[in-house]
1. Tell me, in nm to one decimal, what length is gained between Arg298 and Ser41 on full extension, where the rule is 0.36 nm per residue of separation less the Cα-Cα distance?
2. Order these peptides, 49-60, 283-294, by their mean beta-carbon neighbour count within 10 angstrom, highest first.
3. Treating region 122-288 as a set of equal point scatterers at the Cα positions, no solvent, please give the Debye-formula log₁₀ I(q)/I(0) at q = 0.16 Å⁻¹.
4. If you take every DSSP beta bridge fully contained in the chain, what fraction is antiparallel? Give it as a percent rounded to 5.
5. If you split all Cα-Cα distances of the chain into 10 Å bins from zero, what percentages do you get per bin, shortest first?
6. Residue by residue, what Karplus-based ³J(HN,Hα) values in Hz, rounded to whole numbers, does region 119-134 have, using 6.51, -1.76 and 1.60 with θ = phi - 60° and x for Gly and Pro?
7. Need the C-alpha centroid separation for region 222-261 versus region 43-121, integer Å.
8. R0 = 41 Å: FRET efficiency of Arg15 with Lys231, Cβ-based, nearest 0.05?
Amino acid sequence: MRSVLIVNPKAKRGRAVLLAQRAQKRLIERGWQCELLVSESGEHIKQLTKEAVERGVDAVIIAGGDGSIHQAVQVLTNTKVPLGIIPCGRGNDLARALGLPHPPELAADVIADGNLRQIDLGLLSAANLPEPHFYCGIVTCGFDSDVADFAYRHQSIPGGWIGYLGTALVLLVKFRFQKVRVQGDDFEFQGSILLVATANCPSYGGGLWIAPTAQIDDGLLHVCIVRQTSKLRIFLLLPTVFTGKHILEPEVSLHATKKVRLEGEEQLPLFADGDPVGTTPAEIQAAPKALTVFVPFRS
């Protein structure tokens, strides 16, 4: 099997290249041809992926986080070239949804074992986004976009839920609630919100279960709307997101739909897989079985 392993050298606080080299070594031991390529930017990941597909490789492997994967997916969607993942990001929420192990040798073994699965993606069209983007995880709007923006601009903050929670507590004090309109297949909401999360995967932020009903292969998007409430109430609700029990609270609603439209009184920034992807107004639709990935046999 011929593959390329594209690594984001900034991931895992600069340790991603070493982790990628360990994965490469295991793949070669398992009989794979594996060329290691170091990316210079998100756009470069996309370029390297495109060049690899054009060369006819059997697989493209990303050593990085959800943002790096997001770039490769723009090329690999609806092709026959499968995606392998060596989890090296701050959140690794797609890897979590797929049940992938984190040690690079074990993640490489998953790829070498050759078990493939087709998963859904979301497809986003938005203002100030030159072309539609596919995404694996969650499109954020409102407070969680503020948190994603802060994390995007401050790469040194801790990964996972610790970094998310710390950032959220800082930003909540100055957060200004926004009025939005959200339309899905069989629901409509209009009012002030803390956030709207349009999910293909159940978690973001390194394990915050914002849409616990979301499944990566059900052909649906799961839209979590958290309505405006007091900031003290929000502070008390935050811990429930770790288990997904926030959806039982009266301020929260969760809707399954094949498509959704988001509008705001202002142009609200959107983030997908932790990367900026334009502003409202936006339309998002499910893209069933659009991506092929390597997964453990139990996944």
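1. Numbers: separation 257, 0.36 × 257 = 92.52 nm, distance 3.35 nm.
89.2 nm is the gain from fully extending Arg298 to Ser41.
2. Working: 49-60: 17.2, 283-294: 19.8.
Peptide ranking by packing, descending: 283-294, 49-60.
3. -0.86
4. On the way: 53 of 70 bridges.
In the chain, approximately 75 percent of DSSP beta bridges are antiparallel ones.
5. Per 10 Å bin, starting at zero, the Cα-Cα P(r) for the chain comes out as 7, 30, 35, 20, 7, 1 percent.
6. Using θ = phi - 60°, the values come out as 10, 7, 10, x, 10, 10, 10, 9, 4, 6, 10, x, 8, x, 10, 7 Hz.
7. Their Cα centres are 30 Å away from one another.
8. Between Arg15 and Lys231 the formula returns 0.65.
Read-outs throughout are calculated quantities, based only on the coordinates presented, and are distinct from any laboratory measurement. Everything numeric here is computed off the predicted structure, so don't read it as measured data. Here the Cβ is made from the backbone with ideal geometry for all residues, glycine too, and neighbour counts use every protein chain on show.
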